[in-house]
Amino acid sequence: MSARPIDILHQTFGYPTFRPHQEKIVEAAIAGRDVMAVMPTSAGKSICYQVPALALGGLSLVVSPLISLMSDQVMALRELGVPAACLNSSLDAQERERVLQDMARGLLGIVYVAPERLDDPAFLDVVRSHGLSLLAVDEAHCICDFIGALPTRPPVMALTATATRQVREDIEATLGLRDPLRVVASFDRPNLSFAVERPANRRAKDEALLAFVREREQRSGIVYCMSRRAVEDVCDTLRDASIAATRYHAGLSSEERERNQADFIYDRSPVMVATNAFGMGLDKSNVSYVVHYNLPLSL
């Protein structure tokens, strides 16, 4: 190990202490134990795998389906001096090859990878030859075949924001976790409040949304929609009302997604209208509200 976890937390990330549950998860991963962690958004899941990745040294993989979160975390890690990169559909062939070369040369400590990239023979060859110190699965996906293809099994960490008991058991079985440390944090957050409004029709819903956002025009927020079409319509509605809004969904080009995400991060467009392709765990300190324009099937 290159340093104590608390030293890495202080010196690299600038935090004085671990948040609840983080330290025991970090210690379990460093000790080589599997982990199953259910922690709400902004509870600090990323620290749970970033700190042990740096403590263990070598190469750690983080499997995530959310391109927006990958880009955000890689940018933040690089600013902290941590050699990190991502492999997903937003990169062209030349960029993906450069990341694979850097992995093979031992130049990267943390690599974020989309689940579909695990099937790439070139990627698997690099990982097999280099070995892994840690494998973290954020928003846990089925990657048991990938784990089985590794010559040496690393400690595996599965993390998600919400999961019922049955889902947790399914994740553990699918990933083949071995006697994992199980952490289930409470979703109760004293600084958050929840409310439901029942507009009579679409026009009333749009008026309620505009009023809500205007009351918070000096603040940043996210409006989630269930479809790409709804994202386009709601974003247009906000813009037509002179509200600086941008959009994010899987139907946009990678260039526009990246540009719109940057506009949101740097407050050029303080309101983000998006499908769940845009991760709520984005590291932005002044997000003060989240609106579900379409009510989710399950609260």
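The values are calculated or read from the model by the stated rules, or taken from the named source; none is laboratory data. All values reported here derive from a predicted model rather than from experimental measurement. All Cβ positions, even for glycine, are placed from backbone atoms using ideal geometry, and neighbour counts span all protein chains on display. Protein only, heavy atoms only, side chains kept; ligands, DNA and RNA dropped before computing areas. Shrake-Rupley method; radii C 1.70, N 1.55, O 1.52, S 1.80 Å.
Taking the Cβ of Lys205 as the centre, find all other residues whose Cβ is under 12 Å away and add up their charges (Lys, Arg: +1; Asp, Glu: -1). Here the charged neighbours net out to -1. Rounded to the nearest 0.05, the FRET efficiency derived from the C-beta distance between Asp236 and Leu150 at R0 = 35 Å is 0.15.
Charge tally around Cys225: other residues with Cβ under 15 Å, Lys/Arg +1 each, Asp/Glu -1 each, net +2. Extending 7 Å from the Cα toward the beta-carbon at both Tyr266 and Arg19 defines two label points whose distance is 2.6 nm.
For volume of the Cα convex hull per residue in Å³, several values are listed as (i) 138; (ii) 152; (iii) 183; flag the one computed from this structure. It is the value labelled (i).
Can you tell me the relative contact order of the range 113-256? Whole percent, Cα pairs under 8 Å, sequence separation 6 or more.
Rounded, it is 14 percent for the range 113-256.
Residue separation of Arg203 and Ala173 scaled by 0.36 nm, minus their Cα-Cα distance, works out to 6.2 nm of gained length.
Name the residue farthest towards the positive end of the dipole of the chain from the options Leu100, Ala208, Ala3, assuming +1 on Cβ of Lys and Arg, -1 on Cβ of Asp and Glu, about the Cα centre. Farthest along the dipole direction, towards plus: Ala208. With 0.36 nm allotted per residue and the present C-alpha distance subtracted, the His10-Thr164 stretch has 52.1 nm of extension available.
Overall, the chain carries a charge dipole of about 560 debye about its Cα centre when +1 sits on the Cβ of Lys and Arg and -1 on the Cβ of Asp and Glu, all other atoms neutral.
Here Lys45 is the anchor, and the lysines within straight C-alpha reach of less than 23 Å, apart from those fewer than 8 places off in the same chain, are Lys24, Lys284.
Peptides 236-245, 165-174 ranked from most to least packed give 236-245, 165-174, packing being the mean of other C-beta atoms within 10 angstrom over each peptide's residues. Helix 202-214 axis versus longest C-alpha principal axis of the chain: approximately 70°, rounded to the nearest ten. The modelled label-to-label distance between Val184 and Val290, using points 7 Å beyond Cα along the C-beta direction, is 2.0 nm.
Just the protein heavy atoms count here, and of the accessible area of the chain at 1.4 Å, carbon and sulfur take up 48 percent. The relative contact order of the chain comes to 21 percent, based on Cα pairs under 8 Å that sit 6 or more residues apart. Simple point charges give the picture: +1 on the Cβ of Lys and Arg, -1 on the Cβ of Asp and Glu, and for the range 42-162 a dipole about the Cα centre of about 360 debye.
Relative contact order, whole percent, for the range 21-90 stands at 24, derived from Cα pairs under 8 Å and 6 or more residues apart.
With θ taken as phi - 60° and the Karplus curve 6.51 cos²θ - 1.76 cosθ + 1.60 applied, the whole-hertz 3J(HN,Hα) list for the range 256-262 is 5, 4, 5, 5, 5, 4, 5 Hz, x standing for glycine and proline.
Between helix 121-130 and the chain, what is the angle of the helix's C-alpha long axis to the longest principal axis, kept within 0 to 90° and rounded to the nearest 10? Relative to the chain, helix 121-130 is tipped by roughly 50 degrees. Would you please name the chymotrypsin sites (Phe, Trp or Tyr not before Pro) within the range 230-299 that are DSSP coil residues with at most 13 other C-beta atoms within 10 Å of their C-beta? Sparse-neighbourhood loop chymotrypsin sites (Phe, Trp or Tyr not before Pro): Tyr266. Proximity of backbone amide H atoms, modeled 1.01 Å from N, is registered between His292 and Tyr224 at under 5 Å, excluding neighbours fewer than 5 places apart on the same chain.
Charge tally for Ala185 (other residues, Cβ to Cβ under 12 Å; Lys, Arg +1; Asp, Glu -1): +4. Remark on Asp34: its backbone amide H falls under 5 Å from those of Val156, Arg178, Leu181, a criterion applied only to residues 5 or more positions apart or on other chains, H modelled at 1.01 Å from N. Phi angles of the range 23-38 translate, via the Karplus equation with coefficients 6.51, -1.76, 1.60 and θ = phi - 60°, into HN-Hα couplings of 5, 5, 5, 4, 5, 5, 5, 5, 7, x, 9, 5, 9, 10, 10, 10 Hz per residue; Gly and Pro are given as x.
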